[in-house]
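The values are calculated or read from the model by the stated rules, or taken from the named source; none is laboratory data. Predicted model, so just to flag it, every value in this text is computed and none were measured. Every residue, glycine among them, receives a Cβ derived from its backbone with ideal geometry; neighbour counts consider all protein chains shown. The area values use the complete protein model at the heavy-atom level, side chains included, leaving out ligands, DNA and RNA. Shrake-Rupley method; radii C 1.70, N 1.55, O 1.52, S 1.80 Å.
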Amino acid sequence: MGDWWQRNITEPGKLPLLLALAAFTLTFVITRVVTRLIRAGKGPFGNVRAGGVHVHHVVPGVVLTVVGGFAAVAGGRHGVGSALAAVVFGIGAGLVLDEFALILHLDDVYWTEAGRKSVEVVVVTAALVGLLLAGFTPFGVDGMTQDELRDRANVIATVAGNFVLSLLALAKGKTRLAVFGVIVPFVALIGAVRLARPGSFWARRFYGRRPHARAKAHLRAYRHDRRWSGPRRAVQDWIGGRPDA
């Protein structure tokens, strides 16, 4: 175990990333527990107010993110300072993304249907950081041999190919596949070759004069949402709490 830790975490300088991910996840969990207790009127917790203004936890989150980010840049990837900066950054990021929906809508939508976006963003962020920690790098360049890495043409082709696939998936409204396709090679290919979701840029641009493709896209999106919306909502309610009716 010690040898694995040294070879995969310490030597590559991934300890700050691991600490940031742990702090990020733990902060989100604690924040959600506290906010749910406040919502239920239980425990010693309450909303923070200053001069009659409700101070959302995104405010200290922004401060901690800025402090931790600059400290991490200044401290490098090794040493106690970088580890401490990573923890501060992870805590700040957890507080900020827990209220991502508030920032997006510029409104207090924490316990509304729109507030579910915060849970989605936190889960996707944690998954992407976990993939980076596991050794994946953007556009899949890590999967190439040393000889291939020396060949700039192969590297450029790999990066460009995965980038184009991610753009196509994004244009077709497959946001999650596009995001994960940046980190994991060819994941975006699934979204790139399948029908676009209704309302996406691709559907508006290329399905306008193709009623059959437009109808098929609507039907496929309806079936997909009907199949997965229930389980997705259940997981989001379990993680972040059920929104107000």
Item checked: Condition check for Arg242: among the charged types (D, E, K, R) and either at pLDDT 90 or above or touching a helix residue (DSSP H, G or I) at 6+ places or on another chain (Cβ under 8 Å) (or both) -> no
Next item on the list: With respect to Thr27, determine if the residue is over 17 Å from the mean Cα position of the chain (by Cα), of a type in the set (S, T, N, Q), at pLDDT 90 or above and assigned to a helix (DSSP H, G or I).
Entry: no
Margin query: Tell me whether region 184-193 contains one or more residues that are in a loop (DSSP other than H, G, I, E, B) and modelled with pLDDT of 90 or more.
Written below: no
Next item on the list: Scan region 199-209 residue by residue and report those that are in a loop (DSSP other than H, G, I, E, B) and either of a type in the set (Gly, Ala, Ser) or farther than 20 Å from Tyr222 by Cβ (or both).
Entry: Gly199, Ser200, Gly208, Arg209
Check: Residues of region 114-135 being under 13 Å from Ile183 (Cβ atoms) and either at pLDDT below 75 or over 15 Å from the mean Cα position of the chain (by Cα) (or both), which ones?
Finding: Ala134, Gly135
Check: Which residues, counting only those in region 160-175, are part of a loop (DSSP other than H, G, I, E, B) and open to solvent by 20 Å² or more (accessible area, probe 1.4 Å)?
Finding: Gly173, Lys174
Notebook entry, point to check: Restricting the search to region 59-111, which residues are buried (at least 18 other Cβ atoms within 10 Å of the Cβ) and more than 16 Å from Ala20 (Cα to Cα)?
Noted result: Glu99, Phe100, Ala101, Leu102, Val109, Tyr110
Next item on the list: Specify which of the listed residues (Ala196, Ala157, Ala213, Ala178) is part of a helix (DSSP H, G or I) and more than 30 Å from Leu133 (Cα to Cα).
Entry: Ala213
Notebook entry, point to check: Looking only at residues in region 9-23 that are touching a residue at least 40 places away in the same chain (Cβ under 8 Å), in a helix (DSSP H, G or I) and not small (Gly, Ala, Ser), which one is nearest to Ser118 (Cα to Cα)?
Noted result: Leu21
Next item on the list: Please verify whether region 24-37 includes one or more residues that are loosely packed, with under 15 Cβ neighbours inside 10 Å, touching a residue at least 12 places away in the same chain (Cβ under 8 Å) and on the phi < 0 side of the Ramachandran plot.
Entry: yes
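Please work out if Val63 is at pLDDT 95 or above and under 25 Å from Leu15 (Cβ atoms).
Values: at pLDDT 95 or above: yes; under 25 Å from Leu15 (Cβ atoms): yes.
Spelling it out, Val63 is indeed at pLDDT 95 or above and under 25 Å from Leu15 (Cβ atoms).
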Checklist line | Filter result for Gly92 (out of contact with any His (no Cβ under 6 Å at 6 or more places or on another chain), part of a helix (DSSP H, G or I), in contact (Cβ under 8 Å) with a residue 24 or more places away in the chain and of a type outside the set (Val, Ile, Thr)) | finding: yes
Checklist line | Candidates Thr25, Thr35, Thr65, Thr31, filtered to the one that is touching an Asp or Glu at 6+ places or on another chain (Cβ under 6 Å), closer than 30 Å to Trp238 by Cα and among the hydroxyl-bearing types (Ser, Thr, Tyr) | finding: Thr31
Notebook entry, point to check: Is it the case that region 106-116 has a residue that's under 30 Å from Gly13 (Cα atoms) and assigned to a helix (DSSP H, G or I)?
Noted result: no
Next item on the list: For region 178-228, enumerate the residues that are over 23 Å from the mean Cα position of the chain (by Cα) and buried (at least 17 other Cβ atoms within 10 Å of the Cβ).
Entry: Leu195, Pro198, Trp202, Ala203, Tyr207, Arg214, Ala217
